[in-house]
1. From the set of residues in the range 56-65 that are more than 9 Å from the ligand (Cβ to nearest atom) and surrounded by 12 or more Cβ atoms within 10 Å (Cβ to Cβ), which is farthest from residue 95 (Cα to Cα)?
2. Restricting to the range 57-88, what's the tally of residues that are more than 16 Å from residue 31 (Cα to Cα) and part of a loop (DSSP other than H, G, I, E, B)?
3. If you check 79, 75, 8, 85, which single one turns out to be in contact (Cβ under 8 Å) with a residue 40 or more places away in the chain and charged (D, E, K, R)?
4. If you take the residues in the range 39-93 that are β-branched (Val, Ile, Thr) and at pLDDT 90 or above, which one is farthest from the chain's Cα centre (by Cα)?
5. Evaluate the range 20-30: report whether one residue or more is touching a helix residue (DSSP H, G or I) at 6+ places or on another chain (Cβ under 7 Å), among the small types (Gly, Ala, Ser) and modelled with pLDDT under 90.
Amino acid sequence: MNPELKQKIEKRAYEIYQERLKKGISGSALGDWLCAEAEILKDRRMNDGCPRCGRKLLALQDKYVICLNPGCDWKIEAKRMEDFKLPKAVEVKKLWE
Ligand SMILES: [Zn+2]
């Protein structure tokens, strides 16, 4: 990832973190980062977010759409065309390491 883009995501992740604190919503630095990344990376489809936790952290794993928010285990079988355009869970998880 290029440093300029990384800096943008870091800045946005910090804003999300602050908004989250203000609203008293529990979460993690990782969740904030992924949310910021989803907003900033334009080639990554913006999705409706997780029906359970509301975070835009949906990814495709095998034939399922899963939520990557730590602590949320929402999962559904991928059926729609849009589902298959989601980022792959393994690719997203590579960024966590
Ligand atoms: Zn969720």
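The values are calculated or read from the model by the stated rules, or taken from the named source; none is laboratory data. All values reported here derive from a predicted model rather than from experimental measurement. We place every Cβ from the backbone using ideal geometry, glycine too, and count neighbours over all the protein chains shown.
1. Across the range 56-65, the extreme among qualifying residues is 64.
2. 7
3. 85
4. Among them, the one singled out is 76.
5. yes
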